[in-house]
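The values are calculated or read from the model by the stated rules, or taken from the named source; none is laboratory data. Note that the structure is a prediction, hence the values are computed from the model and not measured. We place every Cβ from the backbone using ideal geometry, glycine too, and count neighbours over all the protein chains shown. Ligands, DNA and RNA are stripped out before the accessible areas are found, and what is left, the full protein with its side chains, is counted by its heavy atoms. Shrake-Rupley method; radii C 1.70, N 1.55, O 1.52, S 1.80 Å.
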Amino acid sequence: MYYIPEPPLGLLFFGLFIGVTCGLAFESSLKQQVNKWSKQGRKGIKPNMAEISILQLPFLGICFGICVFLAAGLEIFTYNRVLSYAVSGLLTIFIGLLIWTQLKKLIVLLLEGGSQALDLDSFF
């Protein structure tokens, strides 16, 4: 007799939980860093990547949570764990690198030119 394997619903919710909690940690550390920059003024800020090193760990946690969430979602439909984690790992690494690169550029632009450098009205 053939048994259909149970879907990994626990992993699905676990990945979602990790992603949300690390996202909240990312938000609070970003707010803390921006408040520090605003109190320092323009004189104490160096636009290098050491300023945003505090954001790396929560961002990696978000990526890990999203990877587990995507893999569990794919595993529900494919029943192949290796394929699910391979596809979700590649997607998470690719999208995570794109977002991190864009975030670094945006923060450097903000540190060099202040909030006036982010002219959001020109995009629309």
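Which of (1) assigned to a helix (DSSP H, G or I); (2) under 21 Å from LEU91 (Cβ atoms); (3) modelled with pLDDT under 80 is the odd one out, the single condition PHE59 does not satisfy?
Every condition holds for PHE59 apart from (3).
Does segment 94-113 contain any residue that is in contact with a helix residue (DSSP H, G or I) (Cβ under 7 Å, 6 or more places away or on another chain), open to solvent by 30 Å² or more (accessible area, probe 1.4 Å), among the aliphatic types (A, V, I, L, M) and over 22 Å from GLY23 (Cβ atoms)?
Among the residues of segment 94-113, at least one is in contact with a helix residue (DSSP H, G or I) (Cβ under 7 Å, 6 or more places away or on another chain), open to solvent by 30 Å² or more (accessible area, probe 1.4 Å), among the aliphatic types (A, V, I, L, M) and over 22 Å from GLY23 (Cβ atoms), which makes the answer yes.
Take segment 79-124 and flag every residue that is more than 22 Å from ALA50 (Cα to Cα) and at pLDDT below 85.
Answer for segment 79-124, where residues must be more than 22 Å from ALA50 (Cα to Cα) and at pLDDT below 85: TYR79, GLN116, ASP119, LEU120, ASP121, SER122, PHE123, PHE124.
What are the residues in segment 62-85 that are open to solvent by 50 Å² or more (accessible area, probe 1.4 Å) and part of a helix (DSSP H, G or I), if any?
PHE64, ILE66, PHE69, LEU70, LEU74, PHE77, THR78, ARG81, VAL82, LEU83, TYR85
Against the conditions (1) within 20 Å of LEU111 (Cα to Cα); (2) surrounded by fewer than 13 Cβ atoms within 10 Å (Cβ to Cβ); (3) modelled with pLDDT of 90 or more, where does GLY10 fall short? Just the number, please.
With respect to (1) within 20 Å of LEU111 (Cα to Cα); (2) surrounded by fewer than 13 Cβ atoms within 10 Å (Cβ to Cβ); (3) modelled with pLDDT of 90 or more, GLY10 is out only on (1).
Cβ-Cβ under 7 Å, sequence separation 6+ or interchain: first residue in segment 72-83 and over 17 Å from PHE13 (Cα atoms), partner exposed (fewer than 15 other Cβ atoms within 10 Å of the Cβ). Which pairs?
TYR79/PRO5
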